[in-house]
1. From Asp250, Asp270, grab the single residue that is open to solvent by 30 Å² or more (accessible area, probe 1.4 Å) and at pLDDT below 95.
2. Filter region 107-152 for residues that are modelled with pLDDT of 95 or more, more than 30 Å from Arg51 (Cβ to Cβ) and either under 17 Å from the mean Cα position of the chain (by Cα) or of a type in the set (Phe, Trp, Tyr) (or both) and give the result.
3. Can you pull out the residues in region 26-81 that are more than 16 Å from the ligand (Cβ to nearest atom), in contact with a strand residue (DSSP E or B) (Cβ under 8 Å, 6 or more places away or on another chain) and not charged (D, E, K, R)?
4. Can Asp238 be described as assigned to a helix (DSSP H, G or I), open to solvent by 40 Å² or more (accessible area, probe 1.4 Å) and under 23 Å from Gln124 (Cβ atoms)?
5. What pairs can you find where one residue is in region 186-203 and more than 16 Å from Gln230 (Cα to Cα), the other is open to solvent by 30 Å² or more (accessible area, probe 1.4 Å) and among the charged types (D, E, K, R), and their Cβ atoms are less than 8 Å apart, with a gap of 6+ or different chains?
6. Mind checking which residues of region 157-192 are farther than 20 Å from Met240 by Cα and in contact with a Lys or Arg (Cβ under 8 Å, 6 or more places away or on another chain)?
7. Taking Ala211 and the conditions (1) among the hydrophobic types (A, V, I, L, M, F, W, C); (2) within 20 Å of Ile120 (Cα to Cα); (3) surrounded by fewer than 22 Cβ atoms within 10 Å (Cβ to Cβ); (4) touching a residue at least 60 places away in the same chain (Cβ under 8 Å), which numbered condition does it fall short on, given that it satisfies the others?
8. Given (1) within 15 Å of the ligand (Cβ to nearest atom); (2) in contact (Cβ under 8 Å) with a residue 60 or more places away in the chain; (3) over 16 Å from Ala166 (Cβ atoms), where does Gln23 come up short, assuming only one miss?
Amino acid sequence: MGKRLAVVGAGLMGSGIAQVAAQAGYDVTLRDVGEDALERARAAIAKSYDRFVEKGRLEATARDESLARITTTTDIEAAADADIVVEAVFEKIEVKREVFTALDRICKADAVLATNTSAIPITQIAAVTARPESVVGTHFFSPVPMMRLCELVRGHKTSDDTLARARSFAEEVGKTCIVVNRDVAGFVTTRLIVALSVEAARLVESGVATAEDVDTACRLGFGHAMGPLQTMDMTGVDIMVNAARNIYTDTQDEKFHPTEGLLRMVTAGDLGRKSGRGWYPYGGE
Ligand SMILES: NC(=O)c1ccc[n+]([C@@H]2O[C@H](COP(=O)([O-])OP(=O)(O)OC[C@H]3O[C@@H](n4cnc5c(N)ncnc54)[C@H](O)[C@@H]3O)[C@@H](O)[C@H]2O)c1
């Protein structure tokens, strides 16, 4: 596959994907709707490369060459010559559909059109294009330069060739892939973490154990790096509740139904680290 990548959406994930791809030798065009987002992305990428250089994991020349391979733009037409496009805009179906409608019009006939959605069925995104066989999920994890997994997700019409090319891309940028053969809500990873998190919340809410003890059980008993409630605070309680709702709507399976306590936390604004309080207090409290 050629080595021209377009990334649409220069937020946390888009900038991380641009960073690892440029380091792997891709010429990257990073697109966002505003210059401010692009500026933040450029600064975040440069800072992250600098940290790798400081740790001796990247040569200063490789950093400079990688940075030089990234071009930023507000013009979506810049995706025209890309061999692969990774979309990483807001997790909203309307926004993603708008982006894919444009990509379908703009991109080369043999381009791979990938989405970094964490939960939206690929088929729903692919359906707005005239080439659903070229659309695939490449679900990277945050922070992209550190996390080694890429969850490859097949839509209903994704071709074997598209999946294979998405896999090559993910492997070239240093990731190990798992394949999700049917784009069920939440794929594999979000389903697992939501089931664990909802059960963890249920155990605490029903007085069976404290939040600290549930997290300690997962860390010391299962070797998890973080407990599910600590993870939820980091991800955002609202994000987790939203994911749980989506999976519950798709499956009607009670184990994904957000607990009453989780819903109350969201209403009260206890969203985790970002609001200063979630399952635990933050910010010097
Ligand atoms: N944050 C995570 O931990 C994480 C992990 C895995 C997957 N994801 C998924 O990755 C995607 C991006 O998430 P994020 O956390 O990077 O979001 P973010 O909010 O940090 O960034 C989204 C960016 O998209 C831009 N944008 C919006 N509409 C656009 C358009 N039409 N064209 C170009 N840019 C546009 C926004 O300006 C913003 O800069 C979402 O689908 C999310 O579910 C996120």
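The values are calculated or read from the model by the stated rules, or taken from the named source; none is laboratory data. Bear in mind that the values here come from a model prediction, so they are computed numbers and not experimental data. Every residue, glycine among them, receives a Cβ derived from its backbone with ideal geometry; neighbour counts consider all protein chains shown. All accessible areas refer to the heavy atoms of the entire protein, side chains included, with ligands and DNA or RNA removed. Shrake-Rupley method; radii C 1.70, N 1.55, O 1.52, S 1.80 Å.
1. Asp250
2. Within region 107-152, Leu113, Ile122, Ile125, Val135, Val136 meet the criteria.
3. First, the residues of region 26-81 that are more than 16 Å from the ligand (Cβ to nearest atom): 26-27, 46, 49-69, 81.
Then drop every residue that is not in contact with a strand residue (DSSP E or B) (Cβ under 8 Å, 6 or more places away or on another chain), which leaves 26-27, 69, 81.
Scanning region 26-81 gives a single hit, Tyr26.
4. Judged against the criteria, Asp238 is a match.
5. Filtered contacts from region 186-203: Gly186/Asp250.
6. Leu163, Gly174, Lys175, Thr176, Cys177, Val179, Val180, Asn181, Arg182
7. Every listed condition holds for Ala211 apart from (2).
8. (1)
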